[in-house]
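Just below is one structure, and these are the notes that go with it.
The values are calculated or read from the model by the stated rules, or taken from the named source; none is laboratory data. From a predicted model like this one, the values you see are computed outputs, not experimental measurements. Neighbour counts run over all protein chains shown; Cβ positions are idealised from the backbone, glycine included.
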Amino acid sequence: MNYPDDAFEIGEVRDFDRLVGNLVVTSGKHLIVPAKGAPLYWPHQQLPWSLEDNQTVHHLGIYNGERCFSVDIPETRWGESGVDLAVQKTSLRDYLGKIPDGLFRLLGRALQINEWYRSHRYCGCCGAETSLLSGERALGCDVCGQSFYPRLSPCVMMLITHGDHCLLARNKEWTRPFFSALAGFVEPGESAEQALRREVMEEVGLQVGALHYFASQPWPFPGQLMIGYFADYAGGDICIDDIEIAEARWFHYQDLPQIPGEFALSGQLIRAFVDRCTALYGA
Ligand SMILES: [Zn+2]
């Protein structure tokens, strides 16, 4: 696949009355892409479905200089004449680490916005039908005044370091011998830093000292914002929770197990740690 520029900007968040540009098509949790496999979205005129008059199209932003929109096509419409030959149903996970970052964010944004729209057509408080508010990405209830925004779940990710070692853990649900940094959701009423210290204590029983912010990353499975830190080890012995964590160990930077790819924030954290150690202690 050829995506030479890969620049994606959300820009001004509002809907455009004129649909000119490319469409990212979803159907529930799936992406519907052209059968030939690239470019994973549809030039507006080549869409194999006619858009119904009441079909809502959402503005996503600008990808490689072109405006992009998302639309959700229900599975009941796949049987329309000829359509099945021209499309394939895929999952965003299939593209992890295989497509450029900007394109991945574009597709993830389309899935999240369409999911938000599909699941908030009725007010969760009074049951009345909702409608799109103008000027912001929100659905509002005319009856009781509630607004519903796309849902994001902040999640902290932390690489605990101690000199030339870092702590990596294997999750119980992973079938492969694969280790990563620790992670956990931020609870209501908590700062990211408080969530980090709590998660570290719960999952591996350690205390951490100074925290060093690294980077954040949208993670559309289904709507996390990963917030990455390095955390200095401060005390305690590893004591795993036995609920989420199957195994947690200290690893020397030159003797790491199988770790996540560079596309994931965890992979970036671990590689940054290795680079720092290599500069300090040698290759
Ligand atoms: Zn309501």
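Values computed for the structure shown
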{"read-out": "Enumeration of residues in segment 186-195 that are surrounded by 13 or more Cβ atoms within 10 Å (Cβ to Cβ) and not β-branched (Val, Ile, Thr)", "value": "GLU190, ALA192, GLU193, GLN194, ALA195"}
{"read-out": "The one condition in (1) away from the ligand (no atom under 16 Å from the Cβ); (2) closer than 30 Å to LEU196 by Cβ that ARG67 fails to fulfil", "value": "(2)"}
{"read-out": "Long-range neighbours under 7 Å by Cβ, at least six apart or interchain, first residue surrounded by 20 or more Cβ atoms within 10 Å (Cβ to Cβ) within segment 138-163, second at pLDDT 95 or above and acidic (Asp, Glu)", "value": "VAL156/GLU199; THR161/ASP232"}
{"read-out": "Unmet requirement for LEU106, which otherwise passes all of (1) over 21 Å from the mean Cα position of the chain (by Cα); (2) more than 16 Å from the ligand (Cβ to nearest atom); (3) surrounded by 14 or more Cβ atoms within 10 Å (Cβ to Cβ); (4) not acidic (Asp, Glu)", "value": "(1)"}
{"read-out": "Criterion (at pLDDT 95 or above and assigned by TED's automatic domain parsing to the domain that holds ARG18) met by exactly one of LEU111, LEU96, LEU85, LEU139", "value": "LEU111"}
{"read-out": "In segment 138-155, residue nearest to the ligand (Cβ to nearest atom) [restricted to those that are of a type outside the set (A, V, I, L, M) and not in a strand (DSSP E or B)]", "value": "CYS144"}
{"read-out": "Options PRO154, PRO188, PRO150, PRO222: the member that is in contact with a strand residue (DSSP E or B) (Cβ under 6 Å, 6 or more places away or on another chain), under 30 Å from GLU129 (Cα atoms) and of a type outside the set (S, T, N, Q)", "value": "PRO154"}
{"read-out": "Members of segment 109-135 found to be within 16 Å of the ligand (Cβ to nearest atom) and either surrounded by 13 or more Cβ atoms within 10 Å (Cβ to Cβ) or of a type in the set (Val, Ile, Thr) (or both), listed by number", "value": "HIS120, TYR122, CYS123, ALA128, THR130, LEU132, LEU133"}
